[in-house]
Amino acid sequence: MSNALSRKFTPSKVGLAIAAPLAAAIFSILISSLAVIASKKSPVDAFKTMWEFGTTTGSLMEVINTATPYYIAAIAIAVTFRAGLFNIGVEGQLRLGALFSCYIGAMFVLPPVLHVAAVFIVAMTFGGLWAAIAAYLKVKRGVNEVISTIMLNALAGGLSAYLLSKHFALVEEGSNNLQTKELPASAQIPDLMPLLRKLGVEDQPGGGVYGMFFVAVALGLIFWFVVNRTRFGFELRASGLNPIAARVSGVNSKKMTFIALVISGAIAGLSGLPEVLGQTHSYNLGFRAGIGFSAIAVALLGRNSAGGMAISALLFGFLEVSSRALELIDIAPETYVIMQGSILLSSVVAYEVVRRFRLTLQSKELAKVVQA
Amino acid sequence: MSVAVELRHITKRFPGVIANKDVSIKVETGTVHALVGENGAGKSTVMKILYGMQRPDSGEILVNGKEVHFKNPNDAIEAGIGMVHQHFMLADNFTVLENIILGSEPKHGATIDFVGARAKVVEMAAQYGLDINPDVLVEELGVGQRQRVEILKVLFRGANILIFDEPTAVLVPQEVDDLFQALEGLRAQGMAVIFISHKLDEVLRVADEVTVVRQGATVAEVKSKDVTARQLAELMVGSELPKPSTLGHTRRDEITLALKDVSIPTATGSRDLLSNITFNLHAGEVVGIAGVEGNGQAELVEAIMGLRDYTGSIEFHGTSIDELSVADRHDLGIGLIPEDRQRQALMMTSPLWENRILGHQRGKPVMRGFVIDKKATIDSTRTIMQEFDVRAPGPDTLAAALSGGNQQKFIVGREMSKAPALLVASHPTRGVDVGAQGAIWDVLRKAREKGMAIVLISADLEELIGMSDRLLVMLRGAITAELDPAKTTPEQLGSAMTGAA
């Protein structure tokens with residue numbers, strides 16, 4: 001009796017799993033279409049243009065490159081979400097992580113892999129330390145981490161600009177761009193073109209895929225394993241699902257809060273690295289802003305799960321890259337922001353509906369068992 | 001006498017709870033009619049239907065002979081039906097009078113007619129023997145008096161059919177007597193009273209007629225003078241009733257738990273939440289902690305489990321555990337059944353097998369090193385479900401989908417699976433049905449024989465008296481009496497709890 005009922009894959013369960021993302025996709029396509037129609041253009045043309053441009057080999061590489069930092073940053077945020085916390089300060093943590101790892105990483109030369117590892121450690125240390133401020137305030141003073149990390153973002157922006165311009169930047173004749181000393185080759189991560197060529201992919205004008213892609217994949221696997229399969233992950237999730245029960249069961253809630261925020265900051269520190277280690281090889285004024293904020297949406301859309309966030313990071317990357325083609329047909333490329341927003345909003349609603357429906361379904365199953 | 005309200009063949013499908021298959025009740029005016037049944041038998045659903053909170057799938061409701069269809073509680077109130085909820089819905093910072101008129105304020109032009117309302121409330125209170133001062137703040141009232149306010153509130157709205165949902169669950173014996181006197185008054189005034197309970201001795205004392213429901217269907221309608229409590233119980237469960245009792249002494253020489261001068265001061269420095277608690281608990285012994293809720297029992301549990309700072313000392317097997325964390329205390333062999341299962345013992349949105357890990361995440365069988373052993377956990381969950389008769393489809397079922405009684409059985413099973421040397425059991429059978437209650441008592445009895453020491457906290461005085469080797473009475477954070485359960489009646493215990501004796 002119970003075997004038949006608890007079987008993993010029944011048609012209704014698979015249907016439910018697909019229902020939410022499908023409903024969200026349809027709804028967000030409708031909203032985005034309205035936005036395009038409002039600018040007196042055909043949504044069909046818009047989507048077609050995006051699809052055609054976005055699925056070229058060069059674009060797809062860019063999609064992956066855009067998604068890689070989103071994914072790492074989303075994992076950082078998910079670590080706190082799972083613990084019932086919200087690290088909104090990834091933006092500041094990744095900025096400081098990138099700045100210090102470029103500055104310190106350029107000071108010495110190590111064998112290739114070791115040098116990269118050293119740069120990672122620096123990035124994680126500074127990201128983690130910056131988050132530790134919020135963690136300390138939360139644990140010792142009860143300061144809400146959402147507030148403190150937001151404020152630390154502003155501080156990190158100012159601090160990094162100050163350090164770059166006054167202390168870390170090379171003075172270059174005839175250039176307005178401020179940048180740190182270039183990282184030696186041993187600290188750079190080669191792109192994946194050689195590997196892709198072997199798979200029959202042709203060279204593209206925009207360059208290849210960042211080597212950090214593999215780091216992101218590895219991080220995703222580690223995140224999944226630690227959160228779902230280890231004692232630490234269990235206590236982290238328990239703290240998020242029911243903090244009171246977690247405490248009663250022996251979880252030290254303050255310690256858990258502290259560790260979760262610091263680990264989150266450390267991972268966040270890594271999320272600024274794909275571009276600097278793979279392409280620019282130094283921290284400069286053009287450092288990409290907003291990763292930490294987009295990643296919040298990526299984490300939410302991906303339901304804080306390793307697989308879900310991978311899909312949503314790629315989706316966000318795809319929308320961002322492919323929407324550039326909208327300019328060709330005279331539509332504001334910022335339309336993708338509307339798309340991202342509507343996808344997020346509709347998926348949150350759809351998932352909640354499905355969650356309630358699933359609970360009702362289980363209750364009905366249960367009623368049958370009880371009556372039997 | 002005429003029929004005030006009648007339910008005919010009510011059916012209701014309701015996810016998670018046994019559907020009401022066929023419930024019929026006939027309540028006459030000027031009587032107290034009891035509705036009894038185990039938890040989950042469908043009592044609450046029937047009453048929610050009668051009060052307009054839910055609509056039946058089929059069946060008829062007749063009030064004063066006329067068929068009615070309630071869309072919401074307002075319709076029911078309109079028809080003269082009132083509900084006195086188990087959990088009071090009163091505004092603490094309002095006076096009794098304000099609470100009574102809240103929601104149906106008599107108007108005097110644009111202002112509230114307090115003078116008229118006050119006169120009416122005073123008159124009603126006298127008429128029904130519900131003595132109360134209308135001008136005190138509700139926060140100053142005790143539980144029994146709050147209930148009286150709830151009753152007056154319902155009467156003020158013109159109800160002549162009153163539903164009482166487990167009204168004695170929150171009362172001490174003396175307050176129960178007062179309540180029954182009030183019910184007597186209501187009956188004398190020609191009201192129809194529906195009294196929902198699973199305490200059968202009370203039912204027999206107060207009710208004229210009794211309807212018994214089991215698994216969503218009416219199984220008997222009897223006059224209370226024609227039946228005994230035992231017969232009613234057998235009708236309720238369909239089999240014999242378990243009794244809380246421990247046979248013989250299994251107390252051993254070794255002391256499992258020793259508390260010495262354990263106190264918890266308040267931040268403001270006024271009366272201590274816990275003051276100088278001292279007692280020894282031997283292996284194989286059950287010490288029952290009696291007390292009206294909120295007199296330090298929860299704090300005592302928190303001190304023993306290390307969830308709260310305290311002064312004084314606690315020894316476990318002769319060694320001080322004062323410096324140990326909650327986790328350390330769990331791992332030493334102290335088990336806990338917390339008082340509020342959903343808040344303190346379950347992750348409601350997680351499957352049972354994950355809940356199996358909670359509190360046990362530092363060792364076998366659920367862990368292999370630092371990694372969850374999912375297969376062993378699921379096997380262990382299944383074993384617990386079988387041994388403790390947890391009714392759910394399987395280990396993948398979400399905790400939230402289970403009924404309260406099944407959740408409780410699961411929690412008890414989870415704690416017992418590690419065979420703790422000491423079990424702190426806070427209301428271990430609260431809200432579970434008679435069958436599960438008997439099963440839990442059985443488990444505790446057997447563990448006691450094997451040498452487990454138990455700190456038992458309960459609001460069920462019969463459970464306390466029946467299961468304990470020794471009773472400690474707590475009042476305002478201190479132990480005020482030690483009683484021998486063999487020589488104590490629930491009434492005596494109740495008096496000691498309120499400090500009357």
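FYI, it's all coordinate maths here, none of it is from the lab. Keep in mind that this is a model prediction, so the values were computed, not measured. Cβ atoms come from the backbone with ideal geometry, glycine included; neighbour counts cover every protein chain shown.
How about B:K120: which lysines have a C-alpha closer than 24 Å to its C-alpha, ignoring those fewer than 8 places off in the same chain?
B:K107, B:K153
When the Cα centres of region A:104-148 and region A:337-354 are compared, how far apart do they sit, in Å?
With region A:104-148 and region A:337-354 each reduced to a Cα centre, they are spaced 32 Å.
Can you flag which of B:K260/B:K418; B:K48/B:K223; B:K71/B:K409; A:K198/B:K374; B:K21/B:K225 are past 32 Å Cα-Cα?
Working: B:K260/B:K418 27 Å; B:K48/B:K223 24 Å; B:K71/B:K409 36 Å; A:K198/B:K374 40 Å; B:K21/B:K225 28 Å.
Check vs 32 Å cut-off fails for B:K71/B:K409; A:K198/B:K374.
Toward the positive end of the charge dipole of the protein assembly as shown, about the Cα centre and with charges on Cβ (Lys, Arg +1; Asp, Glu -1), which of A:M256, B:L483, A:L328 goes farthest?
A:L328
Show me the three semi-axes of the equivalent ellipsoid for region B:3-237, from the C-alpha gyration tensor (sqrt of 5 times each eigenvalue), largest first, rounded to whole Å.
For region B:3-237, the ellipsoid semi-axes come out as 30, 20, 16 Å.
Let me know the charge dipole size of chain B about its Cα centre in debye, to the nearest 20, where only the beta-carbon of Lys, Arg (+1) and Asp, Glu (-1) is charged.
Details: 52 positive and 66 negative charges, 287 e Å.
Result for chain B is approximately 1380 debye, rounded to the nearest 20.
Take the alpha-carbon centre of region B:114-135, take the same for region B:285-359, and report the distance between them in whole Å.
With region B:114-135 and region B:285-359 each reduced to a Cα centre, they are spaced 45 Å.
How much of the DSSP beta bridge set in the protein assembly as shown is antiparallel, as a percent to the nearest 5?
On the way: 47 of 83 bridges.
If we restrict to bridges inside the protein assembly as shown, about 55 percent are antiparallel.
Going toward the positive end of the dipole of region B:255-498, with +1 on Lys and Arg Cβ and -1 on Asp and Glu Cβ, which of B:A327, B:I337, B:I357 do you reach last?
Positive-most Cα among the choices belongs to B:I357.
Calculate the mean, over all residues of peptide B:326-335, of how many other protein chain Cβ atoms lie within 10 angstrom of the residue's Cβ. Walk me through the numbers before you get to the answer.
Numbers: counts 7, 5, 1, 1, 3, 1, 0, 0, 0, 0.
For peptide B:326-335, the averaged partner shielding equals 2.
How charged is the neighbourhood of A:I64? Take every other residue with its Cβ under 13 Å from the Cβ of A:I64, and add Lys/Arg as +1 and Asp/Glu as -1.
On the way: positive: none; negative: A:E62, A:D191, A:E275, A:E320.
Spelling it out: positives minus negatives among the neighbours equals -4.
Residues with beta-carbon under 13 Å from that of B:V32, excluding B:V32: net charge, scoring Lys, Arg +1 and Asp, Glu -1? Walk me through the numbers before you get to the answer.
Working: positive: B:R187, B:R205, B:K223, B:K225; negative: B:E28, B:E184, B:E202, B:D208, B:E209.
With Lys, Arg at +1 and Asp, Glu at -1, the neighbours total -1.
Give me D for region A:189-319 in µm² s⁻¹, whole number, from Stokes-Einstein with Rh from the Kirkwood sum over alpha-carbon pairs, 4 °C and 1.567 mPa s. If you can, show how the numbers build up before the last one.
Numbers: Rh = 17.0 Å.
Calculated translational D: 76 µm²/s.
Packing-wise, with mean Cβ within 10 Å as the measure, how do B:439-448, B:282-291 rank, highest first? Before the final figure, lay out each step's value.
Values: B:439-448: 19.3, B:282-291: 23.8.
So the peptides B:439-448, B:282-291, ranked by packing, come out B:282-291, B:439-448.
If you place +1 on the Cβ of every Lys and Arg, -1 on the Cβ of every Asp and Glu, and leave all else neutral, what size is the dipole of the protein assembly as shown about its Cα centre, to the nearest 20 Debye?
Working: 81 positive and 85 negative charges, 435 e Å.
The calculation lands at about 2100 debye.
Which residue, A:P112, A:S101, A:G128, has the largest displacement toward the positive end of the dipole of region A:62-149 when charges sit on each Cβ (Lys, Arg +1; Asp, Glu -1)?
A:G128
Once you wrap a convex hull around the alpha carbon atoms of chain B, what is its projected area averaged over all directions, in nm²? Before the final figure, lay out each step's value.
On the way: hull surface 102.7 nm².
Taking the Cα atoms of chain B, their convex hull projects to 25.7 nm² on average.
Arrange A:K140, B:K409 by Cβ neighbour counts within 10 Å, fewest through most, would you? Please report the intermediate quantities before stating the final value.
Details: A:K140 10, B:K409 27.
Ascending Cβ contact count within 10 Å gives the list A:K140, B:K409.
Tell me, B:T480, B:T256, B:T381 in order of fewest to most beta-carbon neighbours within 10 Å?
B:T480, B:T256, B:T381
Bin all alpha-carbon pair distances of chain A at 20 Å intervals from 0 and give each bin's fraction as a whole percent.
Cα pair-distance distribution for chain A, in percent: 25, 54, 19, 1, 0.
Give me A:E202, B:E38 sorted ascending by neighbouring Cβ count inside 10 Å, so fewest comes first.
Details: A:E202 9, B:E38 23.
Fewest-to-most ranking of A:E202, B:E38: A:E202, B:E38.
Jot down the radius of gyration and Dmax of the protein assembly as shown, Cα atoms only, both in angstrom.
33.1, 107
Please give the average number of partner chain Cβ atoms lying within 10 Å of the Cβ of each residue in A:247-258, rounded to a whole number. Walk me through the numbers before you get to the answer.
Numbers: counts 4, 14, 14, 16, 6, 3, 1, 0, 1, 0, 0, 0.
For peptide A:247-258, the averaged partner shielding equals 5.
With both partners inside chain B, how many of the DSSP beta bridges are antiparallel, as a percent to the nearest 5? Numbers along the way, then the final one.
Details: 44 of 80 bridges.
Of all bridge pairs located within chain B, approximately 55 percent are antiparallel.
When you look at the Cβ of every residue in B:392-400, what mean number of other chain Cβ atoms sits within 10 Å? Before the final figure, lay out the partial values.
Numbers: counts 8, 13, 9, 2, 6, 8, 5, 1, 3.
Per residue, the number of nearby Cβ atoms from other chains is 6 on average.
Using a ≥ b ≥ c from the Cα gyration tensor of region B:298-366 (square roots of the eigenvalues), is it rounded, prolate or oblate, where a/c under 1.5 gives rounded and otherwise the larger of a/b and b/c decides, a/b for prolate? The partial results should precede the final answer.
Details: a/c = 3.10, a/b = 1.61, b/c = 1.93.
The shape class here is oblate.
Give me the three principal axis extents of region B:255-498 from the C-alpha atoms, as integers in angstrom, largest value leading.
Per principal axis, max minus min of the Cα coordinates gives 49, 39, 35 Å.
With charges set only on the Cβ (+1 for Lys and Arg, -1 for Asp and Glu), what does the dipole of region A:61-331 come to about its Cα centre, in debye to the nearest 20?
Details: 18 positive and 14 negative charges, 304 e Å.
Dipole of region A:61-331, to the nearest 20 debye: 1460 debye.
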